[in-house]
1. Going out from 0 in 10 Å bins, what whole percent of all Cα-Cα distances in region C:214-263 drops into each bin?
2. Measure nothing but the geometry: give the 0 to 90° angle between the long axis through the Cα atoms of B:124-149 and the longest principal axis through the Cα atoms of chain B, rounded to 10°.
3. What is the angle, in °, between the Cα long axis of helix C:131-143 and the longest principal axis of the Cα atoms in chain C? Nearest 10 is fine, range 0 to 90.
4. Could you work out the pair-distance distribution P(r) of region A:2-64 from its alpha-carbon pairs, with 10 angstrom bin width and percents rounded to whole numbers?
5. With each run of n ≥ 4 DSSP H residues scored as -39500 (n - 2.57), what mean residue ellipticity at 222 nm is computed for the protein assembly as shown after dividing by its residue count and rounding to the nearest 500 deg cm²/dmol?
6. So which of C:11/C:41; B:12/C:127; B:7/B:220; B:12/C:41; A:42/C:213 end up more than 22 Å apart, counting from Cα to Cα?
7. From the convex hull of the Cα coordinates of region B:126-166, what is the mean projected area in square nanometres?
8. Within region A:73-91, list the residues whose amide N lies under 20 Å from a label point set 7 Å along Cα→Cβ of residue A:17.
Amino acid sequence: MYLQIMEQIKQKVAVGDWQRGAEIPSIRQLAVALSVSVITVKRAYLELEREGVIVTHHGKGSFIATDPELSPRLYDEELAEHLEQAARLGTLLGLSSEEIADRLQEAFERASADRLTKEQL
Amino acid sequence: MNYPMVKILMLKDWYLQRWIILATFAGGLASLGIIAIGSDGAFFIGLLLLITALVALSGQLAMSAIVGERKEQTLPFVMSLPISYREYTTSKIVGNLLIFVVPWAVMAIGSFALLAFSPKSQGLIPYTAIMATEILVNACLVASVAVITEAQSWTIAAIILGNIGLNGIGYLVAHVNGVARWMWGSSIHWSPAAYALLITEFAIIGLMIGFTFFTQSRKKDFL
Amino acid sequence: MIAVHFEGVKKTYPHFALDDINFSLPAGCVMGFIGANGAGKSTTIRILMGLVHADGGTVRVLGHAMPAEQAAAKLDIGFVSEDMRLYPSATIAWHMEFIRSIYPQWDATYAESLLRRFDLKKEQKVKGLSHGQRVKAALLLALARKPKLLVLDEPTTGLDPVARREVLEEFMAVLADEERTILFSSHNTLDVEQISDQITFIDRGRIIDSNDKEIFLDRWRRLRLVLPADSELPSVPGVIEVGGSGRMPVLTTNRFEPAMVSAYRDKGATVQAVDNMTLEEIFVANVSSRRAGERA
């Protein structure tokens, strides 16, 4: 469950809901808001701090890290995860690495087409 | 002992039992009204009704307010309040007896007044005093049994035995030499025997209440 | 500050005995008691409240020795148990006024908001309430006093899912204050898993495990193996239960480390999956392995 909380927080940072340096709810406040045990939120915060996503100043609260590389870095991590998944699934399906690359190309072209359509609207 | 809490608990019981209490008071007043008619027949009927109302009150109060806590499963709620067995026991015994004592006192005084005003029956006053106190002893017995056992069966047994005992003692005392001799006279005579009986009755009340508190203090399971 | 402290507590009944109960609950935490029916959850809670006197051991609640100082302790404890009833002939409003007259910390505004939240009508008599409404009314009376310690025996049993969620949210709201503690027993492991910081398992009158919830969730795993033909299951320390069949055993461990996976691989088995376990699965496995151990 603490992993889900970590994911949620990373998402918020990635899309910009929570800016760098912004203060985030205390462990207890978040626990109450999510109706989740304090210890789970505490764990999530500890892990996030270890990954450099947030910093906790004792007595002052918790903040999103001011590392300017943060958003792109999070997106980068997510991309790496997705690629790994794609490789694994492709292998299970018996695809070769060229076939997997082709599928990636198709997906990329579809995404670009979508974006163009959205911009036109 | 937390007296404010005892008061709160007693008031709670009186509130919850208010209909029974009011009905009994109404019945008691009606009985007095019948007695006031003046004829001998009315006197006995009224007296009987009065005693019945009193005995019914003490029995019903014990069942609803004391045994009822266990039957209605409200005991955890009460015992979760900031009290110990002391406040609980006190509120039940004193609350029960206090409510009972008011109509009882009215009846006793009313009876004494009536007897005092009819010269030929004044000899009955000591006997009446002893019997009235006996009714109080009865009420105390029923309340104590209810608090200690918290069981319907035992309390009903106490009510029935108390009732039988009341009649039995009524007969016995009327034949005790020290009392019988002056009962039917026209003057009030307090013989040593009469005093002794009266004092014994109050002593029994004291013992019963003491025993109740003692037993409650030894209880290890309140639920 | 320790909110609840049990040391060496025992209680003997004709057909059941509570033995050697030890645990400590710090202030500001939530502890969930999980156990089967008759395991001893309610007895432990009653001893905590001073309603039952233990036969041995020490009990301290909010710094008070129980049951000697129970009146003082209960001033700061809110208690709701499954077998508790309110007075049927009285209204909810009467009960609220009754409690308000006893406890100075009664928060009338909060009480009104709880009435709305729990969808209760003040003027309704208790005897007309459904089971769920009754439980919510009792919880309202306990919560509106803002007690330092909430002791709840099966608080969500019998509640519909909507009511359960409302109730759990109110419990969590209690914890916004760092000094307030909750101890609750349930055989609904989902509720316990969601809001507890610490978990204690009780079975047959004994505490069989007590720890931080995250530690339980970290250390317990189910490993699905596939063994090569004609081979024995390799023994690796830490496995407490073996299930599955033949070449596809399912192992349960309560001391998982990644090294275990490599240990199995080294001995020729294929580790098909390493599954997390829910609190319910952990509890059941804990109990069954212990009972098997007792039989052996």
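Read-outs throughout are calculated quantities, based only on the coordinates presented, and are distinct from any laboratory measurement. Keep in mind the model is a prediction, meaning the values are calculated, not measured. FYI the Cβ positions are ideal-geometry reconstructions off the backbone, even for glycines, and counts take in every protein chain you see.
1. Percent of pairs per bin, in order: 25, 56, 17, 2.
2. 20 degrees
3. Once rounded, the angle reads 70 degrees.
4. Using 10 Å bins, I get a P(r) of 24, 61, 15 for region A:2-64.
5. It lands at -18500 deg cm²/dmol.
6. B:7/B:220; B:12/C:41
7. Answer in nm², one decimal: 2.5.
8. Within reach of a label on residue A:17, which here means backbone N under 20 Å from a point 7 Å along Cα→Cβ, region A:73-91 contributes A:73-79.
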